[in-house]
Amino acid sequence: MIHLRTAEEMNVIARGGAIIAGLLEELPSQIRPGLSTAALDAFCERYIVSHEGAVPAFKGLYGFAGSVCVSLNEEVVHGIPSSKRVLAEGDIVSVDVGVRLDGWCSDSAWTFPVGQVSQEARSLLDVTERALGAAVEAALPGRHVGDIGAAVVRTVEGAGYGIIRELVGHGIGRDVHEEPQVPNVGRPGHGPLLREGMVLAIEPMLAAGSPGIRTLRDGWTVVTADGSLSAHFEHTIGITARRPRVLTALGQTVGMESGGWVLEAAPNAG
Ligand code: MG
Ligand code: MG
């Protein structure tokens, strides 16, 4: 079933989400050539648990070994942190973070450049981030889940990138993965109705080449089948009457307008 959350419940999710946002803001100062993905994972875990009551929601989830997922270059998602995987100049690295706080989950991911990256990589990151912004903006009550995917399609159209279809966003709340599924392709007006109170993790994943994927023999790491670069941007959002509320942001409502993230004062709780 699809749960509807109160403003107070969204506030708790936003407190966990702000921890993720703070962590993702810190990461550019940590990410550098020579850093192993295990060291990156350890930094993330320390950051999360330094906040009272917060734990990494992915650790042990379905048996996952890391605290966060770290996926390099052609890896799309679910990369397992390893001391043998070391960041190199020109890589792109996706860090997917879940936090559980006071029994509520939040989920956000960002893809970062390692040092100087190619123009191709830069452009892929820009388009994927804009796709997330457009998808978030589409999450309004009275619209449908298909409007979210359609916004991703509209943003990516013409860029020549592949939209990964086998992996989807999701409802989130007491559990990391709840109903409904939120595909990154869709048709306006199709799919479940979006209602005030729904909390969704919206997470476009793009490939620089074709969108086919496969899973490595480790059983976790999903890579592009053609070996092309992949980027992943994700926010947890709450659907409100006024506008989507980004719950994985730093204490402010965040939206995206004309291709740039905008901050506005959080509405008075009460
Ligand atoms: Mg995630
Ligand atoms: Mg997610």
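Bear in mind these aren't lab numbers, they're just calculated from the coordinates by the rules spelled out. None of the values given here were measured: they were computed from a predicted structure. Note that we place each Cβ from the backbone using ideal geometry, even for glycine, and neighbour counts take in every protein chain shown.
Okay, here's what the table says:
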| item | result |
| --- | --- |
| Search result, residues across the stretch 200-215 that are away from ligand 2 (no atom under 11 Å from the Cβ), of a type in the set (A, V, I, L, M) and out of contact with any Gly (no Cβ under 9 Å at 6 or more places or on another chain) | Ile213 |
| Count of the stretch 52-81 residues which are within 14 Å of ligand 2 (Cβ to nearest atom), in contact (Cβ under 8 Å) with a residue 12 or more places away in the chain and more than 17 Å from the chain's Cα centre (by Cα) | 1 |
| Positions within the stretch 1-19 being within 11 Å of Val246 (Cα to Cα), among the small types (Gly, Ala, Ser) and touching a strand residue (DSSP E or B) at 6+ places or on another chain (Cβ under 6 Å), in sequence order | Gly17 |
| Subset of the stretch 92-121 [over 15 Å from Leu24 (Cβ atoms) and within 14 Å of ligand 1 (Cβ to nearest atom)] | Arg100, Cys105 |
| The lone exception for Val97 - which of (1) more than 30 Å from Glu8 (Cβ to Cβ); (2) crowded, with 23+ Cβ neighbours inside 10 Å it fails | (1) |
| Pro141 within 15 Å of ligand 1 (Cβ to nearest atom) and not in a helix (DSSP H, G or I) | no |
| Enumeration of residues in the stretch 214-252 that are away from ligand 1 (no atom under 16 Å from the Cβ), out of contact with any Leu (no Cβ under 7 Å at 6 or more places or on another chain) and part of a strand (DSSP E or B) | Arg214, Thr215, Thr224, Arg245 |
| Pair list, Cβ under 6 Å, 6 or more apart: the stretch 93-114 residue within 12 Å of ligand 2 (Cβ to nearest atom), other residue polar (S, T, N, Q) and not in a strand (DSSP E or B) | Ser106/Thr248; Ser108/Thr248 |
